[in-house]
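To start, the structure itself, in structure tokens.
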Amino acid sequence: MVYKKRVFFDDVCEIVNDLGFSLKASTFKPDFIIAIAGGGLIPARLLRNHLNIPILTINLKLYRDVAIRNENVKMLQFLDQYSLRRIKNKKLLIVDEIHDSGKTARKAFELFLFHTKPENIGIAVLHHKNVKKESKVEEVFQNVFVGKEVGDEWIVYPWSEEDKDEISPPTTPTTPTTPTICDTIPDSKCILS
């Protein structure tokens, strides 16, 4: 059985506010937010309140069910030619709800690197799973913004389709015993809110 942890909308707002303040305080000033649908849509819109920049949306899918991954990331929607021209050589902030295997983030990075030759690509995630990854954000992105470190639990967001009756009760937060992602990135490149 997969341990599920519910995150409430108030929690999401608090994390996004922390991310927003961290982004505004950083030297990275993105020109566009790129939301990865479905989980990155709401955090991206909330981040826009802090950054006041346009949002564009792509749709990449890795999971087909709770904790069951597809072998490869599927691209369900990408940007049209007009949008691709708008973001060419710009600074992009990719937003997703969680970074776990690293496959989705890497796919998004590769797509934008190939299609738009951006000046800089950063990533902001609500949660970063402190687990072994196939692709680490610190090896791919120039600027990394993490809301909270979590263990290997399945996070159920307010917008998730999960059966909310099956979610494990809240527990007392624990301090990670392994290094966080920001321990592996120079201070100027990673901000853990």
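The values are calculated or read from the model by the stated rules, or taken from the named source; none is laboratory data. Only a predicted model underlies this, so the values are computations on that prediction, with no experimental measurement involved. Note that we place each Cβ from the backbone using ideal geometry, even for glycine, and neighbour counts take in every protein chain shown.
Only one of the numbered conditions (1) modelled with pLDDT of 85 or more; (2) within 26 Å of Gly151 (Cα to Cα); (3) surrounded by fewer than 20 Cβ atoms within 10 Å (Cβ to Cβ) is violated by Leu93, and that is (3). Applying the criterion of being assigned to a helix (DSSP H, G or I) and aliphatic (A, V, I, L, M) to the residues of segment 96-126, the residue that is nearest to Val146 (Cα to Cα) is Ala105. Has segment 107-115 got any residue that is modelled with pLDDT under 85, basic (Lys, Arg), under 21 Å from Glu139 (Cα atoms) and in contact with a strand residue (DSSP E or B) (Cβ under 8 Å, 6 or more places away or on another chain)? Checked segment 107-115: at least one residue is modelled with pLDDT under 85, basic (Lys, Arg), under 21 Å from Glu139 (Cα atoms) and in contact with a strand residue (DSSP E or B) (Cβ under 8 Å, 6 or more places away or on another chain).
Of the strands (runs of 3 or more DSSP E) entirely within segment 1-80, those holding at least 1 residues that are of a type in the set (A, V, I, L, M, F, W, C), crowded, with 17+ Cβ neighbours inside 10 Å and modelled with pLDDT of 80 or more occupy 32-37, 55-65. Looking only at segment 125-151, residues that are of a type in the set (D, E, K, R) and at pLDDT 85 or above come to 3 in all. Determine whether Gln81 is among the polar types (S, T, N, Q) and within 16 Å of the chain's Cα centre (by Cα). It is false that Gln81 is among the polar types (S, T, N, Q) and within 16 Å of the chain's Cα centre (by Cα).
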